[in-house]
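Here the structure is laid out as C-alpha cells; the discussion comes afterwards.
The values are calculated or read from the model by the stated rules, or taken from the named source; none is laboratory data. What you see is a predicted model; the values in this text were computed from it and never measured. Glycine gets a Cβ as well: all are built from the backbone with ideal geometry, and neighbour counts include every protein chain shown. Accessible surface areas use protein heavy atoms only, side chains included; no ligands, DNA or RNA. Shrake-Rupley method; radii C 1.70, N 1.55, O 1.52, S 1.80 Å.
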Amino acid sequence: MSPAPAAVASAQKDSSQVRQKAMIARHFDRLAAAPETGARCAYTFVPGNLTELLLSFDLLPVLPEINALQSAMRGKTAEYIAVAEKLGHSEDVCTYVKSDIGMMKSGNVGPTGQRLPSPDLLLLSYTGCFTFMKWFELLREEYQAPVAMLHVPYQADGRITDSMRAYVVDQLKTAVIPKLEAVTGRRYDEDKLKVLLARSALAEDDLVWVLQSAKNVPSPIDAYFGAVYYLGPIFSAFRGTEEAVEYYRSLREEIAERVREGKGPVTPEGEVTHERFRVVVEGPPSWTHFRAFWKMFADEGAVAVASTYSKVGGVYDFGFRHDPGRPLETLAEYCLGCYTNLSLPTRIDLLTRYVAEYRADGFLINSVKSCNSFSAGQLHILREVEARSGRPGGFVESDLVDPRYFSAANIKNRLESYFQMLEQKRVGAVS
Amino acid sequence: MSHEPRLDALVQRADDLFRDQALASVADWKARTGGLAVGFLPIYVPRELLHAQGVLPVGVMGGRPELEIIKGDAFYQSYICHLPRSTIELGLNGAYAPLDGLIFPAICDVIRNLSGMWQMLFPDVLVHYLDVPQNFDPAIGGTFYRRDLEALAAALEARGARPLTGEALSRSIALYNENRRLVRELYDLRRREPWKVPTHELYVFLRAALLVPVEESTPMFAEYLALVSADGSRRPQDQARVLVAGSFCEQPPLALIKTLERAGCYIVDDDFVQVHRFIRSDIPVDGDPLQRLVDAFLTDAVASPTRYIADEVKGADLERRIAESGAEGVLFCAPSFCDPALLDQPMAVRAAERAAIPWTAFKYAENSGQFQVIREQAGTFSDSIKLWSAT
Ligand code: SF4
Ligand code: SF4
C-alpha cells in the first residue's frame, strides 16, 4: 500500500509534481543501470520501510507496491493480473501481489519501461498487513533471493509497548542488519545512519506542514489525490536524502505561496477555484482510474482535506519524527506507527479528529477489494465516525489495480448523491 | 449408525455439543464452577495457560450454515470471508454471553481488525490480541511471546482468574499433552484405517472438545478411540485417500465434509480445528513451564500458512504430510476470500506437484448450502485416483 509518484499524462501539474517525477525517473534509471554499475538492490515495502538503513548500506530500494500502482496508471495491470491468475493465483487476493507476479513473469519491465534488476535481498518489513509476508514468500521462490524478515507487532491496544519496541530493535540488530552486511559486504555504519535520519526529520517537518496546510479554507492542496505526488519521494526511495530535504522545502514554499494567494488545489483538470465540499478520505485510491476518480471529486468542487492513505508510509502529524539520537528505536517506532498498524478504535479516533480539525463537511471511504488490512471493519468505521463527528459518511467500493472492480458509473452516481446530501445538509443547517 | 449403541450415544453427545451455538454447556460449567470462560478464535492459543488459571478456554469457530446472518453482514463487504460476520452475529445475538473475554490470535488482517471492533462492541469483556511472533529465535521472538503470555495471564487475573503458577501450568500441560496424544492417535488410526474413523464423525469430536474442559474431552476422545478401534462393522471401501488443505480457520460445513466422503474420498489428513494439532508433540513438563509453552510454539508448531516459513522450503511440510499420510491426492479446500490460505495455495500446489500427486481446488463458505459442483469435482477426482492407482 503506497502513494505513487507517477505520471499523469497531459494533465495540469504544479512544479512540485514535475520535480518529483524527475526524481523518481532518476531512481528508475539507477535501477535499470544496476547490472552495469554493480549497484545492489533490496525489494521492500512502503509501510514500515527502512529506507535510511538501506541507503546507509548504499542499497537501492525497489518497492513492488509502487511498481504495481504505476503499472495500473499505465493500463498494464489487467494483463499482469491475468498472467498471475492463469498461474493459479486466486481471484480473491490482493491485486498488488498479482500485478507484481504478472509483471515479473512478463519480463520485469518497470513503470518507466526499463527492466528492473532482480533483488539482491528481499527486505520483508511486515507492517500493518499479513499479505506482505506471503508476497515475499512467493517472490523468494521466484528469485531465490535471501530474505531479511522484520516482524512488526500490531498496536492492538492503541499504544506501543516497551516489549514491542525491544522486539523490533532486537530483530533489526540480529536479523536485518547482519543480512544487509552479508549482502553488501559492508559494516553497519551508525554515524551514516544518523545523518540520514536527521535529514528525514527535516523533510518530515515540511511534509507535515504541507499536509496541514489543508486546514486553510480554501485548502491549497488535495490531501488524497494530490498528496500522492507529494508523498512519492518520502514514501519511496528518498527519505533521508538531501534531494528529499530540498524537495520538501521547495514544496512547502510552493504551497505557502498558494495559501498567500488564496488558491485551491491543482488537479489534472485545472485549479479548483471554488471549494464546495471539504472531505476526509479513508482508504487507498483506485490506481487504474486515478484521474477519472479525481475528476469526479473535482467536478463537484470537492477537495480532500485529509486522508488516511497519505499516512500508510508513516503517521507524522501527531509529532513522530525520525530521531537520529535513537537510530534503531526510532526506526522501530516508525514501523509500529504506520497507519494500517493502528487498531480500529485508533483509526476511528484519527478520522474523527481529522473531520473536526480540517473542518470537513463529511468523510468518504473508498473500500478496496484487495486489502483486508484497510477494508475489514470499514463499515464499522463508517458508522462510528458518523456518530462521533456528526458528519455524513459516504462509501464506495473499488479496487487498487484491478480495473474489473472499478464501476465508473456506479461510483459516480454514489459520489453525486453523496455530495448532494452534503449540500442539502448545508442548506438545512443555514435555513 | 454403528452396531454399537455406546458409540452412537457418544457420537450423539459430541454432535449435541457441536450444535450448541449458544454455548449452553459453557454456561453450565460456569454455573457449576464459578470460573471464567474465555473464547478464542482460530487457529491456536495456548489453552494450557488459561486452564492453569482456572479459566475454561472455549473455541469460537464461526457459525454453522443454519445461522441466519442479519447484523453480521452489515459489518462486512461482500469480498470478506464469512467467519467474522457470524462471529459478530453470534456476539450481538447474545450467544457469547457466557464468555468473559475473547482472544484474537494474530493470523490475518480480518481477525486483527475484528479485535478492535470487539473492543468497541463489547467493552465489558476482555479482548486480548495474541500477537504471536513471526521471528522464531528464542531470544527474540521467544522473549516477545513470553511477555505477551505474561500480559495475557495478568489480564485474566485482573478479571478474577487465579494467578498463574508454574505448578498449575505444569499440570495443565500434562493434561493437554494427553488430550493431544489422543487426537494424534485418532489421526493415526484414520491414516491406517480410514473406514474406522470417518472424518465427519471425528470432526464433531474435535469441535465438541472446544467447548468442554480438557478433563471431559480427554475421556471422550479415549472412549471414541477405543470404540471405533474395536468396531468390526466398519469395513474398508474403495475410496481414494486424500489430504484436505486450507481449512484451518473458517470451517467447512459438516455437510461439505460428508459430501467429500460420499464422493469417494477418505480424508487421511486435514487441518480442521487445528488447535488440537498445532503443537505437534508432547510439551515437556519439566523446567520452566511457561518457557516450555513458548518453545513449543517456536519449534514444534505446524507450518501453518499464517506463519512465516524462514529456512525450510515452502511446502516442505505439506510434502512430508503427503508422504506420512499416504495420500493419493490433495484437495485444496479454502474459504473464499481467505488471504492466508489462498496466497499460500500456489506454493502448496507446487509442493503437491513435487510430490507427484494429483490435486484439485475449490472454495467454500461456512454457510455454503449447495455442494453439487464440489461433489462432482471431488467424485471425478477420486475416480481418477482410483483408476490410476488400479493400473
Ligand atoms: S493487502 Fe493491502 S496493505 Fe497488504 S499488500 Fe495488499 S494492498 Fe498493501
Ligand atoms: S478465514 Fe482466512 S481471512 Fe477469514 S478470518 Fe480466517 S484466516 Fe482470516
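Applying both filters, DSSP loop and at most 13 other Cβ atoms within 10 Å, to the chymotrypsin sites (Phe, Trp or Tyr not before Pro) of region A:251-333 gives A:PHE318. Where in region B:100-136 does accessible area fall by at least 40 Å² between the isolated chain and the complete protein assembly, at a 1.4 Å probe radius? With the partner chains in place, region B:100-136 has these residues losing at least 40 Å²: B:ASP109, B:ARG112, B:ASN113, B:MET117, B:GLN119, B:MET120, B:TYR129, B:ASP131, B:GLN134, B:ASN135.
In the calculated pair distance distribution of chain A, what percentage of Cα-Cα distances lie above 27 Å? Cα-Cα pairs in chain A separated by more than 27 Å: 49 percent. The dipole here belongs to the protein assembly as shown: it is taken about the Cα centre, uses +1 on the Cβ of Lys and Arg and -1 on the Cβ of Asp and Glu, and is about 920 debye. Debye-formula intensities of region B:283-351, expressed as log10 I(q)/I(0) at q = 0.25, 0.28 Å⁻¹, are -1.12, -1.26 (one equal scatterer per alpha-carbon, no solvent).
Peptide B:76-82 has a mean shielding of 6, counted as Cβ atoms of other protein chains within 10 Å of each residue's Cβ. Reported to the nearest whole Å, the Cα centre-to-centre distance from region A:199-272 to region B:37-99 is 45. For region B:238-391, which whole-number percentage of the solvent-accessible area (1.4 Å probe, protein heavy atoms only) is attributable to carbon and sulfur atoms? Of all accessible area on region B:238-391, carbon and sulfur atoms account for 53 percent. Pairwise Cα distances in region A:305-390 exceed 18 Å for 47 percent of all pairs.
Axis angle, to the nearest 10 degrees, between helix A:77-86 and the longest C-alpha principal axis of chain A: 60 degrees.
Would you tally the net charge around B:SER217, using a Cβ to Cβ cut-off of less than 12 Å, leaving B:SER217 out, and scoring K and R as +1, D and E as -1? My count for the surroundings of B:SER217 gives 0.
Extending 7 Å from the Cα toward the beta-carbon at both B:GLU215 and A:SER417 defines two label points whose distance is 5.8 nm. What number comes out for the charge environment of B:TYR129, summing +1 per Lys or Arg and -1 per Asp or Glu over other residues with Cβ under 10 Å away? Here the charged neighbours net out to -2. Placing unit charges on the Cβ atoms of the charged side chains and taking the dipole of region B:35-164 about its Cα centre, the candidate lying farthest along the positive direction among B:GLY141, B:THR87, B:LEU41 is B:GLY141.
Across the accessible surface of region A:313-431, with the other protein chains kept in place and a 1.4 Å probe, carbon and sulfur atoms take up 51 percent. Which of B:VAL285, B:GLY166, B:ALA327 sits closest to the plus end of the dipole of chain B, meaning its Cα is farthest towards the positive end, when Lys and Arg get +1 and Asp and Glu get -1 on the C-beta? Positive-most Cα among the choices belongs to B:ALA327. Farthest towards the positive end of the charge dipole of the protein assembly as shown, among the residues B:GLN377, A:LEU172, B:TYR96, is the Cα of B:GLN377, using unit charges on the Cβ of Lys, Arg, Asp and Glu. A simple count of charges around A:GLN144, restricted to other residues whose Cβ falls under 13 Å of its Cβ and scoring Lys, Arg +1 and Asp, Glu -1, yields -2.
For region B:35-164, the per residue solvent-accessible surface stands at 27 Å², with DNA, RNA and ligands left out and a 1.4 Å probe. Once you sort the root eigenvalues of the Cα gyration tensor of region B:43-119 as a ≥ b ≥ c, which label holds: rounded (a/c under 1.5), prolate (a/b larger than b/c) or oblate (the other case)? Judged from the Cα gyration tensor, region B:43-119 comes out prolate (a/c at least 1.5, a/b above b/c). Taking each of A:LYS76/B:LYS363; A:LYS369/B:LYS258; A:LYS134/A:LYS369; B:LYS258/B:LYS363; A:LYS173/A:LYS311; A:LYS76/A:LYS369 in turn, the alpha-carbon distance tops 23 angstrom for A:LYS76/B:LYS363; A:LYS369/B:LYS258; A:LYS173/A:LYS311.
A 1.4 Å probe run over region A:24-158, with the rest of the protein chains in place, finds 27 Å² accessible per residue.
Nearest 100 Å² is fine: how much accessible area is buried between A and B, summed over both sides, with a 1.4 Å probe? Walk me through the intermediate numbers first.
Numbers: alone 16160 and 16040 Å², together 27730 Å².
Looking at A and B, the buried total is near 4500 Å².
The HN-Hα couplings worked out from phi for region A:144-154 by the Karplus form 6.51 cos²θ - 1.76 cosθ + 1.60 (θ = phi - 60°) are 6, 8, x, 10, 10, 9, 10, 8, 9, x, 9 Hz, whole numbers, x standing for Gly and Pro.
Shown for region A:132-212 is the translational diffusion coefficient from the Stokes-Einstein equation, using the Kirkwood radius over Cα pairs, a temperature of 10 °C and a viscosity of 1.306 mPa s: 102 µm²/s.
What residues from region A:399-426 fall in the zone where the backbone N is under 14 Å from a label point 7 Å along the Cα-to-C-beta line of A:VAL217? A:426, by backbone N distance to the label point. Surface composition of region B:35-164: carbon plus sulfur atoms hold 55% of the accessible area, using a 1.4 angstrom probe and ignoring ligands, DNA and RNA.
With the alpha-carbon atoms of the protein assembly as shown aligned to their principal axes, the span from lowest to highest coordinate is 89, 69, 53 Å, starting with the largest. Summing Cβ point charges (Lys, Arg +1; Asp, Glu -1) relative to the Cα centre of region B:238-391 gives a dipole of roughly 460 debye. Residues of region B:322-371 that lose at least 30 Å² of accessible area (1.4 Å probe, protein heavy atoms only) when the other protein chains are present, relative to their chain alone, are B:PHE337, B:ASP339, B:LEU342, B:LEU343, B:PRO346, B:MET347, B:ARG350, B:LYS363. Take the Cα of A:ARG404, step 7 Å toward its Cβ, do the same at A:ALA292, and the gap between the two points is 1.7 nm. Eigenvalues of the alpha-carbon gyration tensor of region B:87-188, scaled by 5 and square-rooted, set the equivalent ellipsoid semi-axes at 25, 19, 17 angstrom, largest first. Relative to its residue count, region B:1-133 spans a Cα convex hull of 141 Å³ per residue.
The three principal axes of the C-alpha atoms in region B:238-391 carry coordinate ranges of 52, 37, 27 Å, sorted with the longest axis first.
Take chain B and mark each of the GluC sites (Glu not before Pro) that is in a DSSP loop with at most 16 other Cβ atoms within 10 Å; the longest unmarked stretch, sites excluded, is B:69-311. Once you divide the Cα radius of gyration of region A:276-431 by 2.2 N^0.38 Å, the number left is 1.10. For chain B, taking Cα atoms only, Rg and Dmax work out to 20.3, 64 Å respectively.
The label point for A:ARG383 and the one for A:ARG74, both projected 7 Å from the Cα toward the Cβ, are 4.4 nm apart. Its Cα centre serving as origin, region A:343-431 has a Cβ charge dipole (Lys and Arg +1, Asp and Glu -1) of approximately 120 debye. Structural descriptor for chain A: relative contact order 20 percent, calculated from alpha carbon pairs under 8 angstrom and at least 6 residues apart.
In region B:143-162, burial by the other protein chains removes 20 Å² or more of 1.4 Å probe accessible surface, compared with the chain on its own, from B:PHE144, B:ARG147. By the helix-only formula, in which each DSSP H run with n ≥ 4 contributes -39500 (n - 2.57) and the sum is divided by residues, the protein assembly as shown has a 222 nm mean residue ellipticity of -15500 deg cm²/dmol. The translational diffusion coefficient of region B:1-61, from Stokes-Einstein at 4 °C and 1.567 mPa s with a Kirkwood hydrodynamic radius over alpha carbon pairs, comes to 98 µm²/s.
So with the 1.4 Å probe, I'd like the accessible area per residue for region B:238-391, rounded to whole Å².
36 Å²
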